[in-house]
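The values are calculated or read from the model by the stated rules, or taken from the named source; none is laboratory data. The structure displayed is predicted, hence computed values, not measured ones. We place every Cβ from the backbone using ideal geometry, glycine too, and count neighbours over all the protein chains shown.
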Amino acid sequence: QEPAPFDVRQLALQRVDGDADRLVIGVTYTSTLIHVGEVLLDKPGGYISNDKLPPGLWLDNISNWEYGALVMLRDGAFALRNHIARSQSQSVEDPALAEAEPRLNFRNDSWVLPTTEGEYRKGLRSLADYLQRLSEPERPQAQFFARADNLRQYLEIVEKRLGSLSQRLSASVGQVRINTDLGGEAAARQSTQTADTVAVKTSWLELDNVFYEARGATWALRALLQAVEYDFEDILKKKNALISLRQIIRELDESQQSTFSPVILNGSGFGIFANYSLIMANYIARANAAIIDLSSLLRQG
């Protein structure tokens, strides 16, 4: 059973003990980051990606779901540390965020000395420390800058993640792809020569791994973008981009629909059976196209 969606605004209000005056810009996004991490660690069955014994060893779908959500958590923490919580490139970074981000980037399968769970909990405590200082406006010790350039830098990270997932999901039926690595720049070079075309097909043993990684990633990203809708509301309205963000969230919502088969179906592209990977790739590709459009809107004056 995958974790259910949650109300990011209600969660943020709980984090500040129900005090609406402390619900300042940035509290919703930061509390959502923390909650995504807590779900990874404290969901029924706990965190299993580092399990060395059954039953966790056999539950690879869950561990792949965890990894997908973890990548989005890491990207969100990276953007917060390096972009959103800093006024300019030469400004000093927040010490709690400087502690949290490397903790969350610790290897995801360490069983002991130190454990993955232990490192991630330390990272979440550092995020909570930042959140505590952020939510005390009378003592401005932490900042969250809701600017168009900050949001665009975060979305550029997300674009690459979703683009990769979409390509891997689409390879479920096999494709012959033209090499476009150097497309668009005549003087571009790469380290080693590659073929003009390449055949790409995901092994049937890996299909469910990629699918559940995508499910975890879209679950976490949906929540983080809902938080962005609140914390960046003013700038999104000014750019007339709020509806674009809501459309992205809607596409991610669709990717979380329940599957009615106990196995991940992998029919051919136009065959009589469903292909779950292609359906997921479609939702992700549409969300990614909308994110690219949103980034373009934010870049405009």
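Listing for the model above:
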quantity: Leading residue by the ranking (surrounded by the most Cβ atoms within 10 Å (Cβ to Cβ)) among those in the stretch 34-56 that are out of contact with any helix residue (DSSP H, G or I) (no Cβ under 9 Å at 6 or more places or on another chain) and without any contact (Cβ under 8 Å) to a residue 40 or more places away in the chain; calculated: D42
quantity: Which numbered condition F106 misses (of (1) more than 13 Å from T30 (Cβ to Cβ); (2) of a type in the set (A, V, I, L, M, F, W, C); (3) in contact (Cβ under 8 Å) with a residue 60 or more places away in the chain; (4) in contact with a helix residue (DSSP H, G or I) (Cβ under 8 Å, 6 or more places away or on another chain)); calculated: (3)
quantity: Residue in the stretch 208-226 that is modelled with pLDDT under 95, surrounded by fewer than 19 Cβ atoms within 10 Å (Cβ to Cβ) and either acidic (D, E) or over 22 Å from L59 (Cβ atoms) (or both) present; calculated: yes
quantity: Unique match (being in contact (Cβ under 8 Å) with a residue 60 or more places away in the chain and more than 24 Å from E213 (Cα to Cα)) among L124, L162, L169, L131; calculated: L131
quantity: Conditions (1) outside any loop (DSSP other than H, G, I, E, B); (2) more than 29 Å from G37 (Cβ to Cβ); number of the one not met by I292; calculated: (2)
quantity: Enumeration of residues in the stretch 42-74 that are aliphatic (A, V, I, L, M) and assigned to a helix (DSSP H, G or I); calculated: L57, I62, A69, L70, V71, M72, L73
quantity: Hits in the stretch 245-270 (condition: touching a helix residue (DSSP H, G or I) at 6+ places or on another chain (Cβ under 9 Å) and either of a type in the set (G, A, S) or at positive phi (or both)); calculated: S255, S261, G267, S268, G269
quantity: Any chance W111 is among the aromatic types (F, W, Y) and farther than 26 Å from K160 by Cα; calculated: yes
quantity: Residue check for V39: in contact with a Pro (Cβ under 6 Å, 6 or more places away or on another chain), under 19 Å from R222 (Cβ atoms) and β-branched (V, I, T); calculated: yes
quantity: Yes/no for I25 being assigned to a helix (DSSP H, G or I), in contact (Cβ under 8 Å) with a residue 40 or more places away in the chain and β-branched (V, I, T); calculated: no
quantity: Single unsatisfied condition, L221 versus (1) in a loop (DSSP other than H, G, I, E, B); (2) closer than 24 Å to H83 by Cα; (3) under 18 Å from the mean Cα position of the chain (by Cα); calculated: (1)
quantity: Members of the stretch 57-77 found to be among the acidic types (D, E), under 19 Å from the mean Cα position of the chain (by Cα) and surrounded by fewer than 19 Cβ atoms within 10 Å (Cβ to Cβ), listed by number; calculated: none
quantity: Residues that are in contact (Cβ under 8 Å) with a residue 60 or more places away in the chain and out of contact with any Phe, Trp or Tyr (no Cβ under 7 Å at 6 or more places or on another chain), drawn from the stretch 57-67; calculated: D60, I62, Y67
quantity: Top-ranked residue of the stretch 123-138 - restricted to ones that are of a type in the set (D, E, K, R) and at pLDDT 95 or above, ranked as farthest from G26 (Cα to Cα); calculated: R125
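Listed here are the residues, each with its yes/no results for (1) small (G, A, S); (2) without any contact (Cβ under 8 Å) to a residue 40 or more places away in the chain; (3) under 30 Å from S49 (Cβ atoms).
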| residue | (1), (2), (3) |
| --- | --- |
| S203 | yes, yes, yes |
| N240 | no, no, no |
| L252 | no, yes, yes |
| S268 | yes, no, no |
| D293 | no, no, no |
